């Protein structure tokens, strides 16, 4: 199995608007999802965000504070772990994860207004292309959707 990695270049909306929709679509497609963020504070923020981003939506998720990680279809963490046996990994805040090849899908979201984040994403593209991952690069549209700009399979 080749891991499919999508690079998501945020250019028009903040992560707080883009992430819930991306996770919502992945969950609807049947994925178990692990979201890795850069800090405990960020995890706490995302936990609250996923409960409140849309009154009509429901994304069942949890964090280490909630316990029973294995029962969570969406798990938020700042650690390099996979306690909910996710098949999709979402990387935020420039974090790195070991074992990316163990996931069917990976999404790396990065802020296009942060030169360091863009540089890190380019480094990862080169590294993961050399590792044989199937890569796609998506740039955000003005309406907050995604347009595929590059594909390296």
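Every read-out reported here was derived from the displayed coordinates using simple, explicitly stated rules and does not represent laboratory data. Given the structure is predicted, the values throughout are model-derived calculations rather than measurements. Positions of Cβ are generated from backbone atoms using ideal geometry, with glycine treated the same way; all protein chains shown enter the neighbour counts.
Structure above, values below:
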{"read-out": "Gain in span if fully extended, residue 64 to residue 21, counting 0.36 nm per residue against the direct Cα distance", "value": "13.2 nm"}
{"read-out": "Rough spin-label spacing in nm, given labels placed 7 Å along Cα→Cβ, for residue 146 and residue 104", "value": "1.5 nm"}
{"read-out": "Kirkwood Rh, Cα atoms: Rg over Rh of segment 48-134", "value": "1.00"}
{"read-out": "Two-site label geometry, residue 79 and residue 13: point separation in nm, points 7 Å out along Cα→Cβ", "value": "3.2 nm"}
{"read-out": "Highest average packing first - 91-101, 71-81, Cβ atoms within 10 Å", "value": "71-81, 91-101"}
{"read-out": "FRET efficiency, residue 131 to residue 54 (Cβ-Cβ, R0 30 Å, nearest 0.05)", "value": "0.25"}
{"read-out": "Per-residue [θ]222 nm for the chain (sum of -39500 (n - 2.57) over DSSP H runs n ≥ 4, rounded to 500)", "value": "-9000 deg cm²/dmol"}
{"read-out": "Largest-first ellipsoid semi-axes for segment 99-153, taking √(5λ) over the Cα gyration tensor eigenvalues, angstrom", "value": "20, 14, 10"}
{"read-out": "The chain: antiparallel DSSP beta bridges as a percent of all, rounded to 5", "value": "20 percent"}
{"read-out": "Size descriptor, Kirkwood hydrodynamic radius, that averages inverse alpha-carbon separations across segment 1-73, Å", "value": "13.6 Å"}
{"read-out": "Options (i) 9.1; (ii) 10.8; (iii) 8.6 - which one matches mean projected area of the Cα convex hull in nm² as calculated here", "value": "(iii)"}
{"read-out": "Normalised contact order of the chain, rounded percent, pairs of Cα under 8 Å and 6 or more residues apart", "value": "34 percent"}
{"read-out": "Inter-part distance where segment 27-51 and segment 67-104 are each reduced to a Cα centre, Å", "value": "9 Å"}
